[in-house]
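Comments concern the structure below.
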Amino acid sequence: MREPLRVCQTTQLRPGMRERYLELHAAVWDAVEAGIRAAHIENYSIFVRDDTLVAYFEYVGEDLAADLAVLDEDHEMQRWLELTDPCQLDPEPGEPGGPWRDLTLAWHLSGG
């Protein structure tokens, strides 16, 4: 079995939107979770510190770009993003990629 692709990203919360973001993520819709799983994404976590968000997930499919494109077209995911996107502040406005920015893996302790 091959290793999953580990993806870690970061973004910022818009001032005054932290509580709203946390409220939304306290009850993520079943359809959104199902869509994420269908996109071959596992172990998805979002961490928060002050107004900084860090997301981590493992991709176990064959074509991440294609699976994310399908997820982007999902009606329930679009509805979800209409609620969550206004909570986020793009740390690099004008740069491609939306508000989430990829982090580079510096080190990983594999299973033993």
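None of the figures in this text is laboratory data; all of them are computed from the coordinates on show. Just so it is clear, the model here is predicted, and its values are computed rather than measured. Don't worry about glycine lacking a Cβ; one is built from the backbone with ideal geometry, like all the others, and counts go over all protein chains shown.
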The chain: relative contact order in percent, alpha carbon pairs under 8 Å with at least 6 residues between: 40
The chain: Rg to Rh, with Rh as the Kirkwood radius over Cα pairs: 0.96
Size of the range 61-112 as Cα extents on the principal axes (Å, biggest first): 41, 26, 18
Integer Hz, Karplus 6.51/-1.76/1.60 couplings in order for the range 50-57, x for Gly and Pro: 6, 10, 9, 10, 10, 10, 9, 8
Phi to ³J(HN,Hα) by Karplus 6.51 cos²θ - 1.76 cosθ + 1.60 over the range 20-29, Hz, x for Gly, Pro: 4, 4, 5, 4, 4, 7, 6, 8, 4, 5
Inter-site label distance for GLU23 and LEU103 at 7 Å from Cα along Cβ, in nm: 2.8
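Suppose every K and R has +1 on its Cβ and every D and E has -1 on its Cβ; what is the size of the dipole of the chain about the Cα centre, in Debye to the nearest 20? Could the numbers behind the result be given before it?
Values: 9 positive and 22 negative charges, 83 e Å.
Roughly 400 debye for the chain.
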Separation of the SER110 and HIS75 label points, Cα + 7 Å toward Cβ, nm: 4.4
Table column - 3J(HN,Hα) (Hz), the range 90-107, Karplus curve with 6.51, -1.76, 1.60, x for Gly and Pro: 5, x, 9, x, x, 8, x, x, x, x, 8, 10, 5, 9, 8, 5, 9, 6
Amide N of the range 29-71 lying under 17 Å from the label point, which is placed 7 angstrom from the Cα of CYS8 along Cα→Cβ: 42-50, 52-59
